[in-house]
Amino acid sequence: MNHPLQPDQAGSLKHFLTIEGLKREILVSILDTAEPMTEVTDRSIKKIPLLRGKTVVNLFFEPSTRTRTTFELAAKRLSADVLNIAVDTSATIKGESLLDMLRNLEAMHVDMFVVRHPQSGAAHFIAQHVAPHISIINAGDGRHAHPTQAMLDVFTIRRHKPDFGALRIAIIGDILHSRVARSQIHALNTLLTGEVRVIAPKTLLPVDVESLGVKVFYNLRAGLKGVDVVIMLRLQHERMQAGRLPSEHEYYHRYGLTRDRLQLAKPDALVMHPGPVNRGVEISSSVADGSQSVILEQVSHGIAIRMAVMSMALDRTRAAS
Amino acid sequence: MNHPLQPDQAGSLKHFLTIEGLKREILVSILDTAEPMTEVTDRSIKKIPLLRGKTVVNLFFEPSTRTRTTFELAAKRLSADVLNIAVDTSATIKGESLLDMLRNLEAMHVDMFVVRHPQSGAAHFIAQHVAPHISIINAGDGRHAHPTQAMLDVFTIRRHKPDFGALRIAIIGDILHSRVARSQIHALNTLLTGEVRVIAPKTLLPVDVESLGVKVFYNLRAGLKGVDVVIMLRLQHERMQAGRLPSEHEYYHRYGLTRDRLQLAKPDALVMHPGPVNRGVEISSSVADGSQSVILEQVSHGIAIRMAVMSMALDRTRAAS
Amino acid sequence: MNHPLQPDQAGSLKHFLTIEGLKREILVSILDTAEPMTEVTDRSIKKIPLLRGKTVVNLFFEPSTRTRTTFELAAKRLSADVLNIAVDTSATIKGESLLDMLRNLEAMHVDMFVVRHPQSGAAHFIAQHVAPHISIINAGDGRHAHPTQAMLDVFTIRRHKPDFGALRIAIIGDILHSRVARSQIHALNTLLTGEVRVIAPKTLLPVDVESLGVKVFYNLRAGLKGVDVVIMLRLQHERMQAGRLPSEHEYYHRYGLTRDRLQLAKPDALVMHPGPVNRGVEISSSVADGSQSVILEQVSHGIAIRMAVMSMALDRTRAAS
């Protein structure tokens, strides 16, 4: 299903809920808007007045200091006022109390909700029920999507290797439970990437994974051959406990990215990871900190991408009002 | 007892602790100051420099994300710096440690404390012991007062029905334990409201309730007849446990505001509630969300009233210094 | 060991980790920079644009609302953006996860970490491992140092008695466990104070205490005789439990500062305390609140000193970039 909610009638960005269904032009426009934002965060006075007098609410139903921090910094550097609201996760997403909370925050004339929630579809549900003047940014919902993460990933790739059509990109790890992987695959395919591979044991792959437009590899060495970009995913400890994997040691033995294995990729292949890194579980320290790693660039670009998405979404609102 | 602490010698607002004892002119002046503030929060750049360089401290001895958020937003939209301090409730209000905390914050040159406390009289106690340059706003103390809530309520009424002398207004629910009701009654009487009614079972009414200047009804239908405004109160769950009420179901049966009962009031009667609403306990969803409900307007006006009170209190201070 | 990390090659302040090893000129320059800052916090609009567009991160591995508040206020009054990050203390200071966290915050282009940590040396460790563009301010590390506290103390002394060479100053209490005392002793000796005394029972003194350049007194009355400044330390309750002291009552009996004992000092002797005060344990209420006490001045000056240190450290960075 496409998400008619996302771009408004005029085709500009209103909410940012998922990559799926967005046109290539919109993704490129986000990437282009983020370029000058990297200069803002590089300079001495890291502040522009684009969102002065706007109120951004971080509505986190799932704790994440890391993600919350990047959105808070992005909003503050755009001169917005920021409210952090940590919501009790026991509140069900579709209960009256959530809707009443939304109505109340709307009535306070806030302009944007950055939503993180453990249930898939939460950001969509909120976007469907929110007042027309408010923009929703999905900061991760269940296993569904994490669109700003995927955008900062493709932004990082484009800065090094701008011709997506010529690229082979492998995503390695727990594809099944990863909202990050799902959003990355949609973004890479929308940008017409030459080949998108996923590498994982069968127990960590969705049954319909090929339908997402990827080539599947169960063997790490085979999958790494000749790729331009290696994207690692974080392995959640609870996967072990759920019996989907024998042990961290065994996982590292079969799927961990080591120096030795990285040599199967192209010599200038990029190594990426959404963080936080599990050293010695999905990746060795020498690769995570090595010369091919762009993991910290991803973090920097995360601020720029979030500044871009926030300003595009609220600019639209402003123009409309 | 009047509260000589509140308006200073020159008659302008210094602290805002309770409605009781304030002259009609001061209430009207707060309402008039709030009018242009509603325009500030309606426009695209919701920020004015009135309190730039001032420091507002939210000093909450009782957690309330909702109330704290409205004060924080109001202060930020006035360009003040805001510090949120959650204080351990186990600290007794009159202990040395509280006074030492006040002395320390004073020495940091903060300008205003927004105080919420489970004990009645806490805001007064703090106002009596604070340095002369600091203003205190009572954001709810025990069963005593919640003056900004009452002011946003009368502000909302005035916008729809400006002639208070011609109005019959009913307050329904737990009058006994409600600081909101107490402040509303004082505000409505000070503004010379035609008739103020309270409707509740005997167990939820103070013994001396008539002395507050209200007409008492135990029967909901009788009390609703011909009123211009219906103000519902939130029913606290602990009242059931304390044996003051048989059950929520029974309460709704006798005192819940339904569509049917609302028809006893005037056809254009306003429905109000301080929130959060207990649907199906004190009010039906269809009434809470119905065309006569101004519950969300109350929330919006809460920001404007708090901006008005904060700027009036600190303006005085500024002029004096 | 000197700390070559602190002042940079050009001799200006980069980090502020400890007083030990800093030249007298740097201390005087901090004190001189703080002077006009006291005027900023005294005036109606307490805000200057010195750090506009800078991001200050309060990185607290040990909770302290009080200290965090003074740094937050100082940063906001310099117009910086402030992020508060409370870090789980269970994380070991030298673990990979801490380094990864530093790398991530660096990548977000923050400018300063204000670090508080229960382990001695934590701020140094972070300063050694942080990117060159970031300044570290030590807000207290284990028993080691609390340099901004010591600077606000000497600032307060200088405002009353500017000729340090003519002063006899006594520090009273738990010298052994106190990072505050350690930093005060270094600051006072660097400023060439006439005589620095420490007064404590043997169990609360380091074995090598004379090597710090102080005169030791076990008897309070003897130590107080003729001093110009009396600096009290806070007695931690856990010292009783650890068996180092018989009881609070016994401690007060032997080392508590009472009106009577204070008369042994010079008639115009200053009484100081870093707060929060334990009334009736290390000091009587009448002395803490008496006319010789400058305890609340210390709090006020704490904001000015922190504004001075922050602006000096980031000015350097700015000039270099």
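Residues in segment A:211-238 that are farther than 23 Å from A:Ile169 by Cβ and either charged (D, E, K, R) or part of a helix (DSSP H, G or I) (or both): A:Glu238 alone. Listed conditions (1) touching a Lys or Arg at 6+ places or on another chain (Cβ under 9 Å); (2) on the phi < 0 side of the Ramachandran plot; (3) within 11 Å of chain A (Cβ to nearest Cβ) are all met by B:Asp81, apart from (3). Residue count for segment A:106-137 satisfying the condition of being of a type outside the set (Asp, Glu), in a helix (DSSP H, G or I) and surrounded by fewer than 23 Cβ atoms within 10 Å (Cβ to Cβ): 6.
Criterion first (surrounded by 23 or more Cβ atoms within 10 Å (Cβ to Cβ), in a loop (DSSP other than H, G, I, E, B) and of a type in the set (D, E, K, R)) does C:Asp174 satisfy it? Spelling it out, C:Asp174 is indeed surrounded by 23 or more Cβ atoms within 10 Å (Cβ to Cβ), in a loop (DSSP other than H, G, I, E, B) and of a type in the set (D, E, K, R). In segment A:52-74, the qualifying residues are those that are among the aliphatic types (A, V, I, L, M) and at the interface with another protein chain (Cβ under 10 Å from one of its Cβ atoms), and the one that is surrounded by the fewest Cβ atoms within 10 Å (Cβ to Cβ) is A:Val57. A:Val28 - would you say it is among the β-branched types (Val, Ile, Thr), in contact with a strand residue (DSSP E or B) (Cβ under 6 Å, 6 or more places away or on another chain) and modelled with pLDDT of 95 or more? The answer is no for A:Val28. Selection of first residues in segment A:290-301 that are touching a residue at least 24 places away in the same chain (Cβ under 8 Å) and of second residues that are outside any loop (DSSP other than H, G, I, E, B) and among the small types (Gly, Ala, Ser), restricted to Cβ pairs under 6 Å at least 6 apart or on distinct chains, gives the following pairs, ordered by first then second residue: A:Val299/C:Ala107; A:Ser300/C:Ala107. Checked against (1) modelled with pLDDT under 95; (2) crowded, with 16+ Cβ neighbours inside 10 Å; (3) assigned to a loop (DSSP other than H, G, I, E, B); (4) among the hydroxyl-bearing types (Ser, Thr, Tyr), C:Thr18 passes all but a single condition, namely (1).
Taking into account only those residues within segment A:95-128 that are charged (D, E, K, R) and within 14 Å of another protein chain (Cβ to nearest Cβ), which is nearest to B:Phe71 (Cα to Cα)? Of everything passing the filter in segment A:95-128, A:Glu106 is nearest to B:Phe71 (Cα to Cα). Within segment B:263-275, the presence of at least one residue that is buried (at least 21 other Cβ atoms within 10 Å of the Cβ) and more than 25 Å from B:Ile19 (Cα to Cα) is confirmed.
When segment B:117-164 is filtered for residues that are within 10 Å of the chain's Cα centre (by Cα) and polar (S, T, N, Q), the ones remaining, listed by number, are B:Asn138, B:Thr148, B:Gln149.
In a residue-by-residue description of segment B:153-160, the property of being in a helix (DSSP H, G or I) and without any contact (Cβ under 8 Å) to a residue 40 or more places away in the chain applies to no position.
Select the helices (runs of 4 or more DSSP H) contained entirely in segment C:246-321, then report the ones holding at least 3 residues which are within 11 Å of chain B (Cβ to nearest Cβ). Talk me through it step by step, then tell me what you get.
Working: elements: C:248-255, C:259-262, C:285-288, C:295-320.
So the answer is C:295-320.
Name the residues in segment A:183-207 that are without any contact (Cβ under 8 Å) to a residue 40 or more places away in the chain and not aliphatic (A, V, I, L, M), would you? Hits for segment A:183-207 are A:Asn189, A:Thr193, A:Gly194, A:Glu195, A:Arg197, A:Lys202, A:Pro206. Taken over segment B:56-86, residues that are over 16 Å from A:Ala80 (Cβ atoms), of a type in the set (Ser, Thr, Tyr) and at pLDDT 90 or above amount to 2.
The values are calculated or read from the model by the stated rules, or taken from the named source; none is laboratory data. Bear in mind that the values here come from a model prediction, so they are computed numbers and not experimental data. Cβ atoms come from the backbone with ideal geometry, glycine included; neighbour counts cover every protein chain shown.
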